């Protein structure tokens, strides 16, 4: 019974990792840059939702939708202002830039009086409820995380395979130059991808918020999403989901069966092993670079 | 404007290029030597910190600046050096032996980290080193009978050949000596074949490989040298702090080291020193400026993080060569006085070095 219990909690934690990793992978596929501030975007999304609920007194769902929309707009803006000017520079530059942006977001959020320095509980309608199935006790928050992740994945799948925008995004991520020649506005799409990825991050934040708490350092969970993205293969969307689930479950199991301390580093051990054994990740595919 | 008339090939690799350099660096050495008599205890401590961070910065510079391998987990090497040194001292080893063993152990850990680095590059390497950093931090916290765990470990005083260097001045001179040795070491490394191989690898792996440079061997070597220097800095750092605990060698410290090399100027030895000065001076400047800011901003706890982030973003966007790059521009302006043109250092649009396979 404990096993099932831990498994469910691991899967739902894994869904959060998966959503953040999804954000990394979206951006990586589109612009070949890695956004180290993805966790901070998630934190900002959660705070936006919290502010809308507590200051504007909106109901949870309305606040959530507004927060996601606001974060999407923020993502587009961020791409335009900070990322686009330095595209074409070595990858490391953008890594530094996004680390800096993450620092700024955390610093700014801490400086907001009253809100920034404290830990908040987000009052979602389903917070604190549990279902008991026999001996199994499942908290509704975890179920919501899993369900929303599944729905979101389905929506993204439909978007990428059926809608014009999604297909254009696929095209531009496969070959930017060719996409550009076919009349696809690659730069505008890159902006949209940043918006999409910020929105996904905001959803992750809003899902995590009722389950744990809203605080400035909640974005540090993003550091565990890197292993998820690497395990799945950095350029693969299904890989990000799978990687997130794998990391989440392994972490939960390490907490159950291994001595104390292994839970916190399980994700990193897995990613190091993965990089040694199969650097391209599970879904990365293998190809050789031609000179 | 100075023109150096070259009459000999040796002039190209000479450490001191002309008389002006000799004069200024000699002046710097004299200033550093007399500093303990001029400045107070507090500033002497800050100077020692700058020297220690410069050593660590030189270590990371060899890796990130000259070999082009970004490491997000360099604080781990700092920690390995610090803990090894302190543990060996507590076993009764002599100071110099303990310090060189600390550097050696850090180097061998660096080789281990370098092993996956041969297969992965770019962003994967950053993630691998970051993961490694987290693991090492956890090991420091859990391996209690060596490291003292989260409770920390106090550091014995410095005793070198029977002399007690525990005083501020003594320790300052120790740091200065180590720093000078390391700087000369790095400068000589960079003008040797090995250093040139590093730079070749940074600029293009494929070209380097086709010139007969063994990528795997040199990358591992870069990791080893970089880790050894950082470990050496770690040993001194432990003495300076007098008390070490795992959280001093965490992800934040790694980012600070990276901030150091990027702000100072990637790919320049001067950059390590400028970056170290920045890293030590910044908290002081913030503390001073707090008195002039309205309390709502000045007293907020996030101010330092915000400023670090803003500096990092500003440097990346507007001055990719860091503080040393800015100095080069200022110097060119002064040397050419009325003839400096705006486009002289214009950033060349590098085409993205794609790691994609098609």
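Laboratory data are not the source of any read-out in this text; all were calculated from the coordinates shown. None of these values were measured; they are calculated from a predicted model. Virtual Cβ from ideal backbone geometry, glycine too; neighbours counted across all protein chains shown.
Observations on the structure shown:
- Sequence-separation-based contact order of chain A, relative, with Cα cut under 8 Å and 6+ spacing, percent: 36 percent
- Counting, for every residue in B:130-138, the Cβ atoms of other protein chains within 10 Å of its Cβ and taking the mean gives 6.
- Computed from the Cα positions only, the extents of chain B along the three principal axes stand at 60, 52, 51 Å, in decreasing order.
- Three-way shape call for segment B:200-245 based on the alpha-carbon gyration tensor, with the a/c threshold at 1.5: prolate
- Both radii come from the Cα set of segment B:169-327: Rg as radius of gyration, Rh as Kirkwood radius; their ratio Rg/Rh reads 1.03.
- Reported value for segment B:1-119: 199 Å³ per residue, from the convex hull of its C-alpha atoms.
- Based on C-alpha pairs under 8 angstrom that are at least 6 apart in sequence, chain B has a relative contact order of 28 percent.
- Taking all pairs of distinct alpha-carbon atoms in segment B:275-342, Kirkwood radius in angstrom: 14.2 Å
- Computed over all pairs of different Cα atoms, the Kirkwood value for the hydrodynamic radius of the protein assembly as shown is 26.4 Å.
- Peptide B:317-330 shows a mean partner chain C-beta count of 1 within 10 Å per residue C-beta.
- In summary, the convex hull built on the alpha carbon positions of segment B:244-292 has an orientation-averaged projected area of 4.3 nm².
- Spin-label model distance (nm) - residue B:177 vs residue B:310, 7 Å beyond Cα toward Cβ: 4.3 nm
- Peptides B:173-186, B:252-265, A:13-26, ordered by how many other C-beta atoms sit within 10 Å of their residues on average, highest first, read A:13-26, B:252-265, B:173-186.
- For segment B:163-258, the Cα-based Rg and Dmax, in that order, read 17.2, 53 Å.
- Per-residue shielding of A:220-227, expressed as the average number of other chain Cβ atoms within 10 Å of the residue Cβ, stands at 3.
- Per-pair calculated FRET efficiency, R0 = 51 Å: residue B:90 and residue A:155 via Cβ, rounded to 0.05: 0.30
- Value of D in µm² per second that Stokes-Einstein yields for segment A:100-198, Kirkwood Rh from Cα pairs, at 25 °C (0.890 mPa s): 139 µm²/s
- Chain A: radius of gyration over Cα atoms, expressed as a fraction of 2.2 N^0.38 Å: 1.00
- Using only alpha carbons, segment B:21-69 has a radius of gyration to Kirkwood radius ratio (Rg to Rh) of 1.13.
- Most tightly packed first, judged by the mean number of other beta-carbon atoms within 10 Å of their residues, the peptides B:146-156, A:214-224, A:195-205 read A:195-205, A:214-224, B:146-156.
- q = 0.11, 0.13, 0.15, 0.20 Å⁻¹: log10 I(q)/I(0) that the Debye formula gives for segment A:176-254, counting C-alpha atoms only: -0.42, -0.56, -0.70, -1.02
- Sum of -39500 (n - 2.57) over DSSP H runs of 4+, divided by residues of chain A (222 nm, nearest 500): -23500 deg cm²/dmol
- Derived from the Cα gyration tensor, the three semi-axes of the equivalent ellipsoid of segment A:1-97 are 28, 22, 9 Å, largest first.
- Mean silhouette area of segment A:158-291, derived from the convex hull of its C-alpha atoms and averaged over all directions, reads 10.9 nm².
- Debye log10 I(q)/I(0) at q = 0.19 Å⁻¹ for segment B:41-249, Cα point scatterers: -1.30
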